[in-house]
Structures are given as C-alpha cells and as structure tokens.
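The next block holds one structure in the form of structure tokens; read it before the comments.
The values are calculated or read from the model by the stated rules, or taken from the named source; none is laboratory data. The shown structure was predicted, so the numbers you read here are calculated from the model rather than taken from an experiment. As a convention, Cβ positions derive from the backbone with ideal geometry for all residues, glycine included, and neighbour counts pool all protein chains shown. Surface accessibility is based on the protein's heavy atoms, side chains included, excluding ligands, DNA and RNA. Shrake-Rupley method; radii C 1.70, N 1.55, O 1.52, S 1.80 Å.
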Amino acid sequence: MTDASLTPWKVETRAKASATFAIVAALIILLAFAAPLFVSRSVLQDLFFILTMLVLAQNWNLLAGYAGLVSVGQQAFVGFGAYAMFALVILAGLDPLAAILLAGIASSLLAVPTAFFLFRLQGAYFAIGSWVIAEVVRLALAQLKMLGGGTGTSLPREATRDMPALKLVGELFGVKSSGAGDILTYWLALLLAIATIGLVYRLLRSKQGLGLAAVRDNQEAARSVGVDARRMKTLVYLAAAFGTGLCGALIYVQKARISPDAAFSVVDWTAYVIFIVVIGGIGTIEGPIVGVIVFYILQNLLADYGSWYLLILGLIGIAIMLFAPRGLWGLFAERTGIQLFPVRRRLTGGTVTPSKKGGPHG
Amino acid sequence: MMWIDTIVQGILLGGLYALFAAGLSLVFGIMRLVNLAHGDLIVLAAFLILVMVSALGLNPFVAALVAMPLMFAIGWALQFYLLNRTFGTDILPPLLVTFGLSIVIQNGLLEGFTADSRRIPVGGLDSASVALGPINVGVMPLLTLASAVAVIIGLNQLFYRTSLGRAFRAISDDPVTAGLMGIRPKNIFATATGIAMVVVTIAALYLGTRANFDPTIGPARLIYAFEAVIIGGLGSLWGTLFGGIVIGVAQTFGAAVNPEWQILAGHLAFLLVLLLKPRGLFPRAVD
Amino acid sequence: MALLETKGLTASYGDFQALFGVDIALDPGETIAIIGANGAGKTTLMRSIAGILANQPNAVLFDGEAIGALPAPDIVARGIAMVPEGRKLFPSLSVEENLLIGRYGRAVAGHWSLQTVYELFPILKERRGNPGTALSGGQQQMVAIGRALMSNPRVLLCDEISLGLAPVVIKDIYAAFPRIRAAGASLVVVEQDIGQALKVSDRVYCLMEGRITLSGAPSDLTREKIHSAYFGAGA
Ligand SMILES: Nc1ncnc2c1ncn2[C@@H]1O[C@H](COP(=O)(O)OP(=O)(O)OP(=O)(O)O)[C@@H](O)[C@H]1O
Ligand SMILES: [Mg+2]
C-alpha cells in the first residue's frame with residue numbers, strides 16, 4: 001500500500017478522562033490499604049493472589065497488547081525472580097524485602113541475553129522461542145544443588161520471621177508473625193499493582209507509549225512518524241521482565257517454598273495470565289482488571305471440577321478471541337464509550353480498511 | 001566406539017523429532033501459521049491409536065493406518081471451521097486460539113484418560129535390535145528414522161510433483177493471485193492441516209510405542225519440533241529432518257555426559273544455531 | 001445479448017469510492033479496450049469483474065448470470081481469466097508450473113494446452129524449467145498471458161500488459177492477439193497506450209475518475225474527443 005504516504009498521519013488522543021473515576025479509584029485504594037483491619041486472613045490471601053495475577057497480566061498485556069510481542073514464556077521471569085530472591089536470602093543472607101527488589105533487577109538482567117536471542121524470531125516464532133528460553137532457565141536452575149536442585153527448597157523460617165518490617169506490622173496489628181506476613185505481602189502486592197498500573201498508564205500516555213501504539217497499529221506508518229520499533233519493543237520487553245520478576249519474587253516470599261516445576265509452570269504463570277488478559281480485553285489497562293475478577297470467580301465456581309476447569313477456561317478464551325477479540329471490557333467500552341484509562345491513541349487517516357461493499361473477498 | 005554409538009542413537013532419535021516437526025514445517029510453509037497445539041495433537045493421536053489397540057485389539061501399525069483418515073478429518077475440520085477464522089493481519093488471534101486449543105486438548109485428555117503414563121504395546125518389537133557393524137540399533141528407532149525419511153520424501157513429492165503441491169506453493173507466494181487461478185485458500189489450508197495431521201499420526205505411533213506418554217507431554221514435543229524447524233530453516237523439509245537430527249544428537253551427547261543434561265543440551269544446540277545462523281542451516285531462497 | 005456486462009458497477013476501498021456506476025458490455029468474439037489515466041479505476045474495474053473485489057450480484061452479468069458477488073475462484077470456473085497488472089507470477093513455481101496452475105480452477109478441453117501455449121510463445125518452452133521470476137519482463141508477461149489462457153477462458157481480461165516493456169517487446173506480445181481471438185476468447189484490454197488500444201480493439205471505453213466518459217469504435221473517435229475524455233474537459 002504505497003498510498004499510505006499520500007495522506008499524512010495524525011495522532012489522536014481520545015481523552016475522556018473521568019474525574020469521578022479518579023475519586024472513586026482513590027477511595028478504593030484507601031479502602032484496599034485499610035483492608036487488613038477488617039477482613040480475615042484467608043480473604044487477604046485471596047486478594048494477594050488476585051493482585052499478583054493482575055500485575056502479571058498487566059505486564060503480559062504491555063508485551064502482547066501494546067508491543068505485539070506474544071510471549072508464552074513469561075514464566076521464565078516469574079521463576080527466575082523467585083529463584084533470585086531465594087538465592088539472595090539463603091546464600092547472601094539478605095532481607096527478603098530487599099531481595100525482592102534485587103530479584104526484579106536480576107530478571108531484567110536475564111532479559112538482556114534472552115532479548116538478544118528472541119528478537120531474531122518473528123511473530124509466532126517469538127512465542128515458542130520465549131517458551132524455549134523459559135525451559136532452558138528452568139532446566140539450568142534445576143541443576144543448582146544449593147537451591148535444592150530439581151526438588152526445590154524452602155525459605156529459612158528465621159529469614160522471614162526476623163524481618164524488621166514484619167515485626168513492625170506485627171506490633172501494629174497485634175498479630176503473630178505468620179499473620180503479619182500475610183498483611184505485609186498483601187500490602188506489597190497492592191503497592192506493586194498500583195505502581196504497575198500507574199507506570200503502564202504513564203508509559204502509554206508518554207511520547208514513547210504513543211510510538212508503541214503506533215507500532216502496534218501500523219508498522220509502516222509508525223516508521224513514517226519516526227518511531228524506532230525495535231528499540232521500543234526491547235525496552236518494553238526489559239520493563240516487563242522487571243515487573244514480572246519482581247512479582248515472581250513477591251509471590252514466592254509468600255509461598256516460602258519453591259521448586260523448578262512450580263516456579264516455571266507455564267499453566268500458572270502464562271496460561272492463566274493470557275486468559276485473564278484475553279477475557280478482560282487485550283490492549284487496554286481496564287481489560288486485565290476485569291479479566292482477573294472474572295478469572296477469580298470462575299476459579300471459585302469451577303475449583304472442584306479438576307481439569308474441566310482449565311478446559312472450560314480454554315474454550316472461553318477461544319470463544320472470546322473469535323467473537324469478541326477486544327474482550328469483555330472492549331464490549332462494554334464499545335457500547336458505553338467509557339474509558340477509565342484514556343490512553344488509546346490511534347493513528348487516523350491514511351489506512352484504507354476495506355468495507356463490506358467492494359471489500360476484498362476472504 | 002562409545003561416541004559412534006552415541007551419534008547413531010542421536011540420529012535415530014532425531015528421526016522421531018523430525019516426525020514431530022514435519023507437520024509443523026508443512027503448515028508453516030503454506031500458511032505461516034504456527035499451531036501451538038501441535039504437540040498436544042500428537043498426544044491426542046497417540047491416545048487414539050492406544051484406544052484402538054486396547055479396545056479393538058488392533059496391531060499398532062494397523063491402528064495408526066485407521067487413525068490417519070480420522071486425524072485427517074479432525075485436522076481438516078479444525079482448520080476449516082476454527083483456524084481459518086483467525087487469519088488476518090493480526091498475529092494474536094491464531095496464536096491465542098491455538099494456545100487455548102492446546103490447553104483444551106490437554107485437559108480433555110486428562111479428564112478422559114487421567115494423568116497415568118501409558119505405552120502402546122508392540123509385542124517384542126520394542127526390544128528387538130539388529131547389529132549394524134559393531135553397534136546394535138533398535139528396530140523401532142530404525143523404523144522411526146526410516147518413516148521420517150519416507151515422510152519427507154513423500155511430502156516433497158506432494159509439494160513438487162502434484163497439482164495440489166503447486167497450489168500450496170502458489171498460495172504461500174500470493175493468495176490473491178492464487179484466487180485468480182481458482183485456488184480456494186480455505187479449502188487448501190484445511191487440506192494442508194489434514195495432511196499435517198496424517199504426519200502427526202505417524203509421529204504419534206512412534207511416540208507412543210517407544211516411550212511412556214501422558215496427556216501433559218505435548219508442549220515439550222511442540223518445542224522439539226519447533227527447534228528442528230528453525231534449525232533446518234523455515235520451509236525446507238530436508239532441513240527439518242536435519243534439524244531433528246541435530247536436536248537428537250545434542251540430546252544423546254548431553255545425556256552421555258550427565259543424564260540430567262539431555263533436554264538442556266538439545267535446547268542449547270538450538271540457541272547456538274539461532275546465534276550463528278538466525279535463518280537456519282538451509283534457508284529457503286525465496287521467502 | 002452481451003457476453004459480459006457491468007451495470008452501474010460501483011467499488012470502494014474503505015471510505016474511498018473508486019468506481020461510480022460503470023456500464024460496459026462485451027459481445028461474443030469482440031475485443032474492447034479500456035483506457036484512462038493513472039488512478040482512473042481501470043484496475044479496480046478488472047478486479048471487480050475477476051472477483052477479487054466483491055460487488056452487488058447484479059452489477060456484473062456473465063452470460064446473463066449475476067456474478068458480481070462471487071469470489072475469484074467461482075469467476076475463473078465460469079470462464080473469465082485475468083492477466084493481472086504487474087504479471088504476478090508465482091516466484092516458487094517454474095515457468096511450466098506457472099502455466100499449469102492456470103488450469104487449477106478450470107481444467108476444460110479447448111484450444112489451449114501446454115503445447116499450444118509453447119507454440120504461441122516458443123521462448124517459454126526453452127525456459128520452462130526456470131523460476132518464473134528469473135525471466136525478462138517481456139517473457140514474464142508471456143507466462144502471465146499463457147497462464148490465463150490455460151483455463152481456456154471465454155473472456156480474457158488483460159491489465160496493462162505493455163507496462164514497463166520496450167516497444168519491440170510490446171509488439172511481439174500483441175502479435176499473439178489474433179491467435180488468441182481466433183481460438184475463441186473475447187478480450188478486455190486495459191491500456192494506457194492509447195495508440196495500442198485503438199489498434200487492437202473493436203470498441204474503446206474511456207474511464208476517468210471512476211466514470212465512463214467516452215465510448216465508441218476507434219474509427220469514430222477523434223483525438224480531441226479522447227483527449228478531453230481522458231483528462232477532463234478543462235484540460
Ligand atoms: N488497495 C487500494 N486501497 C486504496 N485505494 C486504492 C487501492 N487500489 C487502488 N486504489 C485507488 O483507487 C483509485 C483507482 O485505482 P486503480 O488502480 O483502479 O487505477 P488504474 O486506472 O488501474 O491506475 P493505473 O493506471 O495506475 O494502474 C486510485 O485513486 C487508487 O489510489
Ligand atoms: Mg491499474
């Protein structure tokens with residue numbers, strides 16, 4: 001389509017920012033931080049699960065929905081972040097909280113060589129390539145006898161019990177260290193989720209994010225407005241590795257026990273995440289939020305049905321992809337025009353999308 | 001001597017991986033589609049053969065023959081009714097739909113057959129071996145490699161000697177002009193996937209007879225197949241056979257050093273090729 | 001009754017309308033030429049007839065049948081073949097395979113076969129094993145024409161076959177036209193070269209900005225008429 005150059009490309013922001021939403025969001029966040037005061041431990045643990053899945057989903061959405069990098073190997077960074085945290089705590093005697101942050105950095109460092117390999121593969125091959133990388137990291141870490149080899153290991157009790165932050169929380173709420181642990185990890189997950197959404201939102205509204213959306217919507221046009229697609233994609237890949245690794249470390253601080261098979265599980269850390277994003281709506285910030293709620297409800301409804309649960313989840317994912325590729329949030333936004341996070345910029349002009357009449361066949 | 005034995009065993013193992021990969025290579029060459037459920041479809045076919053062997057008392061080879069048209073029909077329908085609908089400019093739908101399919105097949109099989117390990121019995125054949133000079137090779141591994149070579153020859157004949165093969169190549173070059181020749185993409189794609197599923201059935205026969213399998217091993221087979229395709233170069237069937245052999249030899253060498261390194265060694269060989277020759281060892285001239 | 005007819009044919013690419021109610025007719029045994037400037041809509045018209053672009057069913061009639069909404073394979077099967085603009089040979093197919101694939105959707109007995117196409121363009125026989133794209137432009141055009149002939153079409157659509165070719169080569173290729181007509185095909189020839197168009201055709205249509213601005217037998221058309229139909233009255 002050489003005609004694209006005829007019409008100049010313009011970028012539009014559909015800014016229908018909702019002030020009421022900002023107020024409601026602030027209230028929800030306040031309430032969420034106060035949650036340990038009035039909900040039980042098991043609810044707190046469920047909320048932790050929801051928040052960490054949300055963080056993973058936002059990261060995957062950033063990769064696939066905005067940068068067009070469909071990875072089925074993000075478990076590489078969950079597992080690597082978790083193992084890095086374990087290594088720092090067990091071998092270097094670090095405080096788990098500090099270890100979480102360092103684990104995020106370690107994950108983005110791992111992403112440098114893997115990006116080097118993966119960016120040689122395009123599209124679908126990128127997807128399977130990312131899976132191979134995850135397998136390599138899993139198999140390599142399973143060789144580390146000091147971290148339990150193939151069977152895994154646990155965090156030493158005193159490492160978590162003696163955390164200064166934990167003591168503080170324990171005294172604040174007057175609970176034992178295990179209860180304080182749940183509160184602390186919950187808060188961290190909440191912070192991480194807010195920070196992730198905030199950063200993704202800012203990234204997508206920035207000039208870089210604009211370029212990213214441009215790259216996704218139309219490579220050619222993006223080039224014509226001077227966006228370096230490759231550099232953008234690499235940056236997003238590294239950022240997602242950081243966020244995913246950090247989240248993986250946090251998840252495993254809470255679990256306190258790790259094994260290669262669990263930490264690198266493609267079902268737990270990638271399949272679920274993909275379903276969350278697809279069901280909620282790929283390419284939006286709202287999508288993963290809706291998706292994680294639906295996912296949690298489904299999981300509770302179908303928990304007793306074993307493999308039927310995943311089977312149904314898979315069928316729902318396929319159906320959504322075929323009939324409502326913008327997901328539940330997409331359906332909702334289409335009907336109402338509501339956008340909570342107005343970042344969807346589109347390139348307008350230029351392209352010619354064939355209409356029904358006179359459109360090409362097939 | 002031990003090294004020669006290791007290499008020979010690796011080449012024979014490579015035959016199995018080439019069988020896993022041939023269907024993937026075929027489908028990618030024609031429609032640029034990567035089916036993430038490919039490995040799970042192999043496992044599905046293995047269960048199909050197993051059921052026919054245990055329920056009907058068929059010989060496994062006969063069962064595979066019976067399974068072929070069934071798998072062809074499954075592949076045809078899958079492509080025609082499901083995957084064809086995902087084609088467009090966006091790569092997400094085909095990837096995510098086949099990923100969902102992979103999860104669906106795995107869990108469907110788990111529901112139907114539990115997570116127990118199975119094996120398709122082949123009488124005494126799995127322990128039979130012949131002496132090739134100084135080394136002994138198993139009859140089943142030998143048959144596997146021979147089948148892989150036969151499949152590659154057959155697919156090449158189909159591609160370069162038949163009218164259907166011309167249609168395959170034409171549509172992968174230029175679907176619009178292919179339409180002007182009277183080629184219907186949807187039917188051709190469905191036929192291609194059907195043929196890929198026939199190859200998958202052959203792969204499943206050897207997967208199921210040579211080692212234990214269970215519903216969850218599909219993704220690993222997909223990965224080996226993918227590695228073989230990339231090593232060989234996209235769209236080259238002989239390259240795919242060679243790629244399978246590279247993975248097989250790397251794995252047996254890895255295992256010879258330390259049994260825990262078998263799989264890792266295969267992956268590392270793949271990454272090495274990706275590093276040195278990103279387009280594979282035998283890239284197709286026109287792409 | 002006309003063999004092929006368009007009636008009020010419109011076509012759009014998205015919001016952009018390229019054809020506004022085009023009426024043309026092709027009688028059996030006839031050759032018509034479509035002329036017009038760049039972007040006039042000639043290719044769009046060919047693609048609409050060939051089924052690459054979908055239209056209202058009644059906008060295109062072939063032998064009295066409404067074929068406007070049919071996809072390309074159904075159009076070929078009925079006997080309308082196209083030599084597309086830019087030749088569009090299949091790079092992974094040899095010359096001979098490119099010819100053979102022309103029969104894929106319509107393998108009917110008739111004058112045209114590998115042998116008769118090779119007789120029409122003997123150079124192709126020499127180069128039959130080469131990849132189609134390894135040939136010179138003129139030879140590639142011969143392959144494209146031969147490929148379309150292999151389906152023994154009743155109507156042959158030729159979109160700018162002289163594009164980018166040297167005058168001697170163009171002459172060679174058009175020299176084949178009497179034999180193509182003699183074998184029974186009716187022709188629609190799209191040309192930017194007006195002289196060439198007037199020479200080969202029984203009737204000419206001039207297309208400007210998606211509308212027919214002039215039609216008639218070459219002998220009835222004056223240079224001035226063609227000029228204003230081609231570039232607009234003000235030009
Ligand atoms: N795929 C397309 N998408 C959008 N617009 C198109 C497309 N193809 C053609 N057009 C537009 O439709 C109009 C008619 O184009 P068409 O190709 O039919 O002209 P033509 O007469 O064949 O020109 P030429 O002599 O250059 O081949 C032009 O304005 C062109 O820009
Ligand atoms: Mg044209």
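Note on B:170-177: average number of Cβ atoms from other chains within 10 Å of each residue's Cβ is 6. Under a 10 Å cutoff between Cα atoms, tell me which one of C:Val188, C:Val22, C:Val143 has the largest fluctuation in the Gaussian network model of chain C. Among C:Val188, C:Val22, C:Val143, the largest mean-square fluctuation in the Gaussian network model of chain C belongs to C:Val22. Buried accessible area for the A:B pair, summed, 1.4 Å probe, in Å² rounded to 100? Approximately 3700 Å² gets buried when A meets B. Between the listed residues B:Leu275, B:Ser117, B:Phe189, the Cα displaced farthest toward the positive end of the dipole of chain B, a dipole computed from Cβ unit charges relative to the Cα centre, is found at B:Phe189.
When the trypsin sites (Lys or Arg not before Pro) in the stretch A:142-193 are filtered for DSSP coil states and for at most 13 other beta-carbon atoms within 10 Å of their beta-carbon, the remaining sites are A:Lys176. Within the listed set C:Ile170, C:Ile123, C:Ile212, the residue fluctuating most in the Gaussian network model of chain C (springs between alpha-carbon atoms under 10 angstrom) is C:Ile123.
Any chance you could run the full-extension gain for A:Val294 through A:Val39? It's 0.36 nm times the residue separation minus the Cα-Cα distance, nm to one decimal. Working shown, then result.
On the way: separation 255, 0.36 × 255 = 91.80 nm, distance 2.10 nm.
Roughly 89.7 nm would be gained on extension.
Hey, what angle do you get for helix A:41-61 against the long axis of chain A, alpha-carbon based, 0 to 90 degrees rounded to 10? Orientation of helix A:41-61: about 40 degrees from the principal axis.
Rounding to the nearest 20 debye, state how big the charge dipole of the stretch A:10-349 is about its Cα centre with +1 on each Lys and Arg Cβ and -1 on each Asp and Glu Cβ.
Details: 26 positive and 16 negative charges, 184 e Å.
Around 880 debye, computed over the stretch A:10-349.
Restricting to DSSP H runs of at least four residues, report the calculated mean residue ellipticity at 222 nm for the protein assembly as shown, -39500 (n - 2.57) per run over all residues, nearest 500 deg cm²/dmol. Please report the intermediate quantities before stating the final value.
Values: 37 runs with 524 residues, N = 884.
Taken over the protein assembly as shown, the calculation gives -19000 deg cm²/dmol.
Of the chymotrypsin sites (Phe, Trp or Tyr not before Pro) found in the stretch A:33-100, those in coil by DSSP whose Cβ has at most 16 other Cβ atoms within 10 Å are A:Phe38.
So what's the angle, to the nearest 10 degrees on a 0 to 90 scale, between helix B:38-56 and the longest Cα principal axis of chain B? Long axis of B:38-56 versus the principal axis of chain B: about 60 degrees.
How would you order A:314-327, B:51-64 from highest to lowest mean count of nearby Cβ atoms within 10 Å? Spell out each step's value before the answer.
Working: A:314-327: 19.2, B:51-64: 16.2.
Final packing ranking: A:314-327, B:51-64.
Amide H contacts of C:Leu19 (H built 1.01 Å from N, in plane; Pro and chain starts excluded): C:Ala11 sit under 5 Å, all sequence-distant by 5 or more or on other chains. Derived scalar couplings between HN and Hα for the stretch A:239-254 equal 4, 5, 5, 4, x, 5, x, 4, 5, x, 4, 5, 4, 7, 5, 6 Hz in order, rounded to whole Hz, by the Karplus curve 6.51 cos²θ - 1.76 cosθ + 1.60 (θ = phi - 60°), x for Gly and Pro. Projecting each Cα onto the charge dipole of the stretch A:83-203 (Lys/Arg +1, Asp/Glu -1 at the beta carbon, about the Cα centre), which of A:Tyr125, A:Thr153, A:Trp187 comes out farthest on the positive side? Of the options given, the answer is A:Tyr125.
Look at the alpha carbon pairs under 8 Å that are at least 6 residues apart: their mean separation over the length of chain B gives a relative contact order of 37 percent. Other protein chain C-beta atoms within 10 Å of residue C-beta, averaged over B:214-225: 2.
Put simply, the amide H of C:Met208, placed in the peptide plane, has neighbours under 5 Å in C:Thr213, leaving out anything fewer than 5 places away on its chain. Residue by residue, the stretch C:85-95 carries 3J(HN,Hα) couplings of 4, x, 6, 6, 6, 8, x, 8, 10, 6, 3 Hz when phi is fed to the Karplus relation 6.51 cos²θ - 1.76 cosθ + 1.60 (θ = phi - 60°); x denotes Gly or Pro. Here the Karplus relation 6.51 cos²θ - 1.76 cosθ + 1.60, evaluated at θ = phi - 60°, turns the backbone of the stretch C:113-127 into coupling constants of 8, 3, 4, 6, 5, 5, 5, 5, 10, x, 4, 5, 5, 4, 9 Hz, with x for every Gly and Pro. Legend: mean number of C-beta atoms from other chains within 10 angstrom of residue C-beta atoms, peptide A:118-129, equals 6. Principal-axis analysis of the Cα atoms of chain A puts helix A:307-323 at an angle of about 20° to the longest axis.
Build a GNM of chain C with springs between Cα atoms under 10 Å: which of C:Tyr13, C:Tyr104, C:Tyr205 gets the top mean-square fluctuation? Answer for the Gaussian network model of chain C: C:Tyr13. Taking the Cα centre of the protein assembly as shown as the origin and placing charges on Cβ (Lys, Arg +1; Asp, Glu -1), which of A:Met321, A:Thr244, B:Gly243 is farthest toward the positive end of the dipole? Of the options given, the answer is A:Thr244.
Database remark: amide H of C:Gly216 closer than 5 angstrom to the amide H of C:Val204 (H placed geometrically; neighbours at sequence offset of 5 or more, or on other chains; Pro and chain starts carry no H).
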